[in-house]
Amino acid sequence: INFPDDHNVAILQGKHRFQIEQVLTEKPYLQVKAHLLKHQNFDTQKKQVKALLHSLKEVANNIISLNPDTPPEVKLVVDNTRDPHLLTYFLCANLGLDIPQKQKLLATNDSTKRANMLLGHLFKALEFTQLKKDLQSKLHTDLDEHQRELFIRHQIRVLQEELGDEDGEELEEL
């Protein structure tokens, strides 16, 4: 993706997980010796695993709905991803975590353990997002109330001037 400020971003999706054993060269491009990592598969027939995957989608969608900056395509990806590994990798990569936390999640081979860890992070993110929205709503309400007060005071001053009442005692009582 080319951005107006002359920087580029590449979005990659890997087909397999791997661990780098050795860096062979860095120029003109990175070459490494690596071995594939296998993950422990989800047993999608178990009710607990089904519930876990459903919870991941539900909490992720709650976070998405509370965040107006999230593109609508993200919800489509979450809703339509059937592969539990892709779902957990997608959520890990796109959750607002620090790089070491993301790396820990992505490096976890046990799929169910990774999904449980991810769900814990999603619950924390949901709590933070709800708190942020509540604070913004309260601030908006407080600002609206303050603006209403200023408007009413301005109206009182205008009425006082029109009535010639400099003291404004009668209107202040109202």
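The values are calculated or read from the model by the stated rules, or taken from the named source; none is laboratory data. On a predicted model such as this, the values are computed, not experimentally measured, just so you know. Here Cβ is always computed from backbone atoms with ideal geometry, including for glycine, and neighbour counts include all displayed protein chains. Accessible surface is based on the protein model in full, side chains and every heavy atom, while ligands, DNA and RNA are left aside. Shrake-Rupley method; radii C 1.70, N 1.55, O 1.52, S 1.80 Å.
Scan the range 55-79 residue by residue and report those that are open to solvent by 60 Å² or more (accessible area, probe 1.4 Å), acidic (Asp, Glu) and assigned to a helix (DSSP H, G or I).
58, 73
Considering each residue of the range 1-28, count those that are open to solvent by less than 100 Å² (accessible area, probe 1.4 Å) and under 20 Å from residue 86 (Cβ atoms), and give that number.
4
Just give me the residues in the range 56-72 being farther than 20 Å from residue 137 by Cα and at pLDDT below 90, in sequence order.
Passing the criteria: 71, 72.
Out of the range 1-37, which residues are of a type in the set (A, V, I, L, M, F, W, C) and touching a strand residue (DSSP E or B) at 6+ places or on another chain (Cβ under 8 Å)?
1, 18, 20, 23, 24, 30, 32, 34, 36, 37
Pull up the range 29-50, narrow it to residues that are open to solvent by less than 100 Å² (accessible area, probe 1.4 Å) and outside any strand (DSSP E or B), then point me to the one that is farthest from residue 16 (Cα to Cα).
The residue in question is 49.
Considering 75, 132, 124, which residue is modelled with pLDDT of 90 or more and either touching a strand residue (DSSP E or B) at 6+ places or on another chain (Cβ under 9 Å) or among the basic types (Lys, Arg) (or both)?
One residue alone meets the criteria, 124.
For every residue, the table says whether it meets (1) out of contact with any strand residue (DSSP E or B) (no Cβ under 9 Å at 6 or more places or on another chain); (2) of a type in the set (A, V, I, L, M, F, W, C).
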position: 80; (1), (2): yes, no
position: 96; (1), (2): yes, no
position: 107; (1), (2): no, yes
position: 112; (1), (2): no, no
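Would you check which residues across the range 62-101 are over 22 Å from residue 41 (Cβ atoms) and without any contact (Cβ under 8 Å) to a residue 12 or more places away in the chain and list them?
First pass over the range 62-101, keeping only residues over 22 Å from residue 41 (Cβ atoms): 62-76, 79, 94-101.
Once the filter is applied, which keeps residues that are over 22 Å from residue 41 (Cβ atoms) and without any contact (Cβ under 8 Å) to a residue 12 or more places away in the chain, the range 62-101 yields 65, 68, 69, 70, 71, 72, 73, 76, 98, 99, 100.
Please go through the range 6-47 and pick out each residue that is in contact with an Asp or Glu (Cβ under 8 Å, 6 or more places away or on another chain) and modelled with pLDDT of 85 or more.
32, 33, 34, 35
Which residue out of 95, 76, 105 is under 18 Å from the mean Cα position of the chain (by Cα) and farther than 26 Å from residue 131 by Cβ? I'd like the intermediate steps shown before the answer.
Numbers: 95 fails: farther than 26 Å from residue 131 by Cβ; 105 fails: farther than 26 Å from residue 131 by Cβ.
Criteria check complete, one pass: 76.
Which of the residues that make up the range 80-125 are over 19 Å from residue 38 (Cα atoms), in a helix (DSSP H, G or I) and open to solvent by 50 Å² or more (accessible area, probe 1.4 Å)?
Result: 80, 94, 99, 100, 101, 123, 124.
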